[in-house]
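Note sheet for the following structure.
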Amino acid sequence: MTNVNIMRMSQLYAPTLKEDPADAEIASHRLLLRAGFIRKTASGVYTFLPLGKRVLAKVENIVREEMDGIGAQEIMMPALQPGELWHESGRWNDYGPELMRLVDRHDREFCLGPTHEELITSLVRNELRSYKELPLSLYQIQVKFRDEIRPRFGLLRSREFIMKDAYSFHADQESLQKTYDDMSEAYGRICDRMGMDYRPVEADPGQIGGSVTCEFMALAEAGEAELVHCTCGYAANTEAGDCLARPTVYDVPMEKVATPGVHTIAELAAFLDIPESSTVKALSGKNDEGKLVVMFIPGDHELNELKAARVAGGFTLLTDEDMEAFGLHKGSMGPVGLPEEAYVIAARSLQAVPKWVVGANEDGYHYVGARLGEDFQVDEWADLCIVQPGDSCPSCGLPLDGARGIEVSQVFQLGDKYSKAMGATFMAEDGSEQPFLMGCYGVGISRTMAAIVEQHNDENGIMWPLTVAPAHVCVIPLTVGDDEVQPAAEKLASDLAKLGLEVVIDDRKERAGVKFADADLIGWPLQVIVGKRGLAEQKVEIKRRSTGARRDIPLAALAAVLVMVAYDMSDLRTVRHIFQGPKSDWSVMILTFALTVIFDLTVAVYTGVMLASLLFMRRMSELTGIHTCVSGEEEEAAAHDIPLPDEESVPDGVEIFAINGPLFFGVADRFQSTLDAMETPPKVFIMYLHNTPAIDMTGIHALEAFLERRQEGCRVLFAAVQEPARRTLQRVGILRAVGEENIYPSLDEALLRAEEILEEEKRK
């Protein structure tokens, strides 16, 4: 009987390529083709070969588990959608040429769906009639289509792609917000489970619509999206984020300066020998009513036309002819001497700049030192710019970092955009007919596959995380067809498969170098090399693809090692410490070996894993320090190196509780006992998590229990919560329960707020 957990390279359809395809521009496109995961069918259209299909299935299963876990129900809608539904919503023309349209033999219009808002709204509008049937969340995993003008980057921008889209229906905003939060948290877990480095970022809704949306961006140089992020956790798409630019002041008296041949900001800055941030850029346009609108932004920034349109009620840049008609000079516009009918809007960042370097509204001349409020006036201040690295973070004020990202998923609050347009209503509790409030939530399945490869690769090939790899372990016998190496490799593969690992055995009659190169190219997370020399010593060699680390491991302990490595997917810590670690680790190894001899491999493995886990938990518990700054535990604080203020600098009624190390089940009891030991409940309780890298479910329950049991009138503040602990607390709702107004990036800021709270209490 064939073991379904074992694949054979001799039978696997995985045609690898020695050379990079000529049209492959980025790593994921190049490697997925070379490693035999996909093949190009047409421009932007791909076939998924067996290995690619296995990865897709794992991505889909992770998504399904998270969707099912929050109560969404899976359906399947057709890819072919009637055009009349798109006419109802108004998107048939608005969507543009990317909508793949076709006509049947009866001249009826259809499209191949890039998304399914129209169809899902049509599906439920005659089925959901009462608020009692709400909320409802439905999802599907479906092929979608988009007629890209230039398909590129392989699976990142294709004409046919696989996507999970979910839709929710609600009677009120509170219900919509809850599902939106649940979906957002689920999307974070999806990214975590697939080993992605990502950021949830503020975004623009685009063609989908709605007013509230968040993109989940996988950080990668190949990403088409530009984003900014901060150590405090803030992140945004540069097109959607709040721009807090940092213009500089050129502090000189008001003067009209001749600037012959100067028409651009770069030329002006060079002419005056000042930074571009000291200049002000002018842009002129018309709003939807035909009114002249002139906008001013910092010279080192670009106008965000979407923001401009929202502020001005539409904004279309003037042509050269239009500018001449208004008496404006291209390259020399400024706020001094503008036509009377001009409505002036300026970026908020310029509000703090008292003197501007601007055009003089005369060709070949500019003003320096033009005084805001004296030489010119501004009618309206607004956020107008594309945010860029170096701008101030809207949350904490620190300079923003820049990155590129791949959008792998997005959540939207659609409101009643589609339900109103398509007449989808329900009977509310008061008996009135109301349009549904809707949410939309998408995950790019095939795009996520490519994004993972963009983050996990090197010059030799792909490095799949275990959760999405086509198989966990590749067993490589160095000789095939003999009576020693191949039988040993076959038995080893079978034993590992019995333990639940997915195994591939490279039983091809190829040179060892070819097998090693293909194993690295395909990206099997773990490689086990079986050779005559090693078998003579009862050893095999294992290699962790993500690190390149190689070790000779006794056969008796191999399975235990591999299971532990599979459990701890981040590194080869278990393997490294086998030979360099403490005696307790060696004790586990010896016991594992003995149990293998006396009983069998399975008994040895499970016993070894259990003992190793107990040792790990004990060590982590010892490394985690828990104390307060006023409880008299100064020695423990010193031992664990937690910097805390002196007792004298902490006001009476304030307690700082610090955790140094992971808050997990091994220390949860100590956490609770320290809390219980407090003699007098404080007025303000500061949870200082600067050195807390992770929190497990037991730690979460301990925090929840503390929040539920706190005395009435006790305020809880969180300080310096670091990633990924912050993401964990966000997903489980603890930060939401505490309130964003009670979360501070540093202990100093939390202490200042605590003092304010105490003063407010005194005034009462």
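Quick notes
- Counting DSSP beta bridges with both ends in the stretch 332-460, the antiparallel % (nearest 5): 80
- Inter-site label distance for LYS18 and GLU484 at 7 Å from Cα along Cβ, in nm: 3.2
- Positive minus negative residues near PRO470 (Lys, Arg vs Asp, Glu; Cβ under 11 Å): +2
- Cα gyration tensor category, rounded, prolate or oblate, for the stretch 255-382 with a/c compared to 1.5: prolate
- Label point at MET254 placed 7 Å out along Cα→Cβ; residues across the stretch 370-400 whose backbone nitrogen lies under 16 Å: 370-378
- Converting phi to 3J(HN,Hα) with the Karplus coefficients 6.51, -1.76 and 1.60 and the offset θ = phi - 60°, the stretch 512-523 yields 4, x, 5, 5, 5, 5, 5, 4, 5, 5, 5, x Hz in sequence order, with x at every glycine or proline.
- Prolate/oblate/rounded call for the stretch 455-509, Cα gyration tensor, a/c under 1.5 rounded: oblate
- A protection proxy built from the mean count of other Cβ atoms within 10 Å ranks the segments 100-112, 336-348, 417-429, most packed first, as 417-429, 336-348, 100-112.
- Considering only Cα atoms, the convex hull volume of the stretch 501-556 works out to 95 Å³ per residue.
- Spin-label pair ARG152/GLU756, simplified geometry with 7 Å Cα→Cβ offset, distance in nm: 4.8
- Net lengthening on full extension, ASN460/ALA536 (0.36 nm per residue, minus Cα-Cα): 24.3 nm
- Mean Cβ count within 10 Å, highest first, over the residues of peptides 265-272, 403-410: 403-410, 265-272
- For the pair LYS491 and GLU740, the difference between a 0.36 nm per residue extended length and the Cα-Cα distance amounts to 84.0 nm.
- When each of the peptides 478-490, 688-700 is scored by how many other beta carbons lie within 10 Å of its residues on average, the order from highest to lowest is 688-700, 478-490.
- Taking a ≥ b ≥ c as the square roots of the eigenvalues of the Cα gyration tensor, the stretch 63-171 is oblate, since a/c reaches 1.5 or more and a/b is not larger than b/c.
- Beta bridges per DSSP, both residues in the stretch 255-382: antiparallel share near 70 percent.
- Residues in the stretch 116-139 that a label on SER432 would reach, taking backbone N under 16 Å of a point 7 Å out along Cα→Cβ: 131
- Relative to the current alpha-carbon distance between ARG8 and VAL514, full extension at 0.36 nm per residue lengthens the span by 180.6 nm.
- Whole-Hz couplings from phi, Karplus 6.51/-1.76/1.60, listed for the stretch 47-64; x for Gly and Pro: 9, 8, 7, x, 5, x, 5, 5, 5, 4, 4, 5, 4, 4, 5, 4, 4, 4
- Computed FRET value (nearest 0.05) for GLU749 with ASN93, which takes r as the C-beta separation and R₀ as 41 Å: 0.20
- Phi angles across the stretch 535-552 convert, under the Karplus curve 6.51 cos²θ - 1.76 cosθ + 1.60 with θ = phi - 60°, into 3J(HN,Hα) values of 4, 4, 9, 6, 9, 10, 9, 10, 10, 8, 4, 5, 10, x, 5, 10, 9, 7 Hz, Gly and Pro given as x.
- For the cross-link pairs LYS281/LYS355; LYS178/LYS417; LYS144/LYS178; LYS132/LYS178, the ones whose C-alpha atoms lie over 24 Å apart are LYS144/LYS178.
FYI, it's all coordinate maths here, none of it is from the lab. Worth saying up front: this structure is predicted, and the values here are computed from it rather than measured. As a convention, Cβ positions derive from the backbone with ideal geometry for all residues, glycine included, and neighbour counts pool all protein chains shown.
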